[in-house]
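The values are calculated or read from the model by the stated rules, or taken from the named source; none is laboratory data. Just so it is clear, the structure is predicted and the values come from calculations on it, not from any experiment. For neighbour counting, all protein chains shown are included, and Cβ atoms are generated from backbone atoms with ideal geometry for every residue, glycine included.
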């Protein structure tokens with residue numbers, strides 16, 4: 001993409017009503033646009049990041065056997081009444097709407113019930129199990145206080161996966177595979193070294209669950225970490241009996257603020273029993289399918305990355321998440337410089353490299369400031385100086401110094 005054709009513009013100042021760092025930087029750099037409190041649009045750069053996160057998560061879910069589907073956002077109240085989750089007193093985040101004939105519908109805040117109902121058409125025998133399905137979909141939650149930028153919204157993009165097993169033992173075995181897959185996601189997203197599997201309350205979903213919490217001062221949660229065992233406990237379940245069951249000693253735990261970047265639940269026969277998802281076992285007996293559920297909010301993950309991986313100049317994207325692999329910056333408008341930069345741009349594209357090419361007629365300082373703000377990991381600079389030495393200037397976003405290398409070295413570097 002040529003930056004001169006990118007309709008978004010960078011901003012020197014963040015909106016005065018944004019207090020979270022992730023929203024400030026993402027708006028200034030042109031990744032998102034705020035519609036209203038808790039509702040953001042993803043602009044071209046932001047959508048590329050979301051799509052990269054979707055690719056990472058999708059690959060890890062497929063690696064453990066999950067198949068991607070896409071279910072409706074509009075929800076039939078009857079299946080939610082069957083599980084006692086339609087009542088606003090029980091689940092207080094519903095957005096509800098009505099058809100013209102006054103039929104009430106819900107806007108999906110999660111999809112356990114619809115996924116279980118769908119599976120009734122496809123599971124009848126033990127031979128049909130296990131089955132694992134996931135989707136990437138916009139969810140709606142009527143949050144009382146939408147805050148923290150894109151980390152807590154009323155409308156957000158989420159990966160939710162569901163497992164359908166014959167036995168609790170089968171669910172336990174798959175659950176461990178999910179934990180590994182989630183850790184792979186956070187490692188590839190650049191925050192694995194600060195993320196912990198955390199024992200927590202299940203909220204509106206179940207009595208207990210596991211979360212993945214990332215240490216960050218901007219977080220809303222408080223966790224207690226055993227760094228030696230590489231696990232943590234959310235403060236809402238910090239009870240002596242729970243610590244004893246987990247084999248943790250209170251004196252060994254370190255408190256930290258954190259952001260929840262994922263959660264996983266073992267439901268057992270919750271939801272499947274109420275909705276009648278059963279199968280015939282090998283001995284001919286009828287049994288209830290055992291359910292698990294696993295969520296990652298893509299916007300929240302994106303916001304967490306920005307909160308952690310940024311400096312006073314802007315964002316520092318990890319390689320697999322970055323909207324582009326290279327930021328090619330041209331300094332100067334004379335024909336020699338333009339030709340050299342255009343040729344390098346073309347050669348990078350031929351090699352399948354995703355490039356943001358700053359071909360705008362601006363001063364070097366403005367271009368470098370924008371480059372640092374946008375945060376692409378590698379910057380190539382073409383100028384009269386580099387051409388005179390038959391070189392390309394390369395600078396990594398995480399480093400202060402740049403160096404001159406040959407064009408071939410630059411191409412091979414990527």
| query | What is the residue count in the stretch 1-31 for residues that are over 21 Å from the mean Cα position of the chain (by Cα) and not in a loop (DSSP other than H, G, I, E, B)? | reply | 4
| field | Candidates 224, 196 - the one that is assigned by TED's automatic domain parsing to the domain that holds residue 50 and over 26 Å from residue 299 (Cβ atoms) | value | 224
| remark: Residues of the stretch 149-208 being over 14 Å from the mean Cα position of the chain (by Cα), touching a residue at least 40 places away in the same chain (Cβ under 8 Å) and assigned to a loop (DSSP other than H, G, I, E, B), in sequence order, are 154, 166, 167, 202, 204, 205, 206
| Residue satisfying all of: in the stretch 246-258; touching a strand residue (DSSP E or B) at 6+ places or on another chain (Cβ under 9 Å) and assigned to a helix (DSSP H, G or I); farthest from residue 201 (Cα to Cα) among these | 252
| field | Residue satisfying condition, being assigned to a strand (DSSP E or B), closer than 30 Å to residue 45 by Cα and at pLDDT 95 or above, within set 262, 303 | value | 262
| Only one residue in 177, 194 is more than 23 Å from residue 258 (Cα to Cα) and at pLDDT 95 or above, so which one is that? | 177
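Regarding residue 224, is this residue part of a helix (DSSP H, G or I), surrounded by 17 or more Cβ atoms within 10 Å (Cβ to Cβ), touching a helix residue (DSSP H, G or I) at 6+ places or on another chain (Cβ under 9 Å) and in contact (Cβ under 8 Å) with a residue 12 or more places away in the chain? Quick ask: steps written out before the conclusion?
Numbers: part of a helix (DSSP H, G or I): no; surrounded by 17 or more Cβ atoms within 10 Å (Cβ to Cβ): yes; touching a helix residue (DSSP H, G or I) at 6+ places or on another chain (Cβ under 9 Å): yes; in contact (Cβ under 8 Å) with a residue 12 or more places away in the chain: yes.
Taking the combined requirement at face value, the residue does not satisfy it.
Confirm whether residue 87 is in contact with a helix residue (DSSP H, G or I) (Cβ under 9 Å, 6 or more places away or on another chain), in a loop (DSSP other than H, G, I, E, B), in the same structural domain as residue 263 (by TED's automatic domain parsing) and surrounded by fewer than 16 Cβ atoms within 10 Å (Cβ to Cβ).
Criteria met by residue 87.
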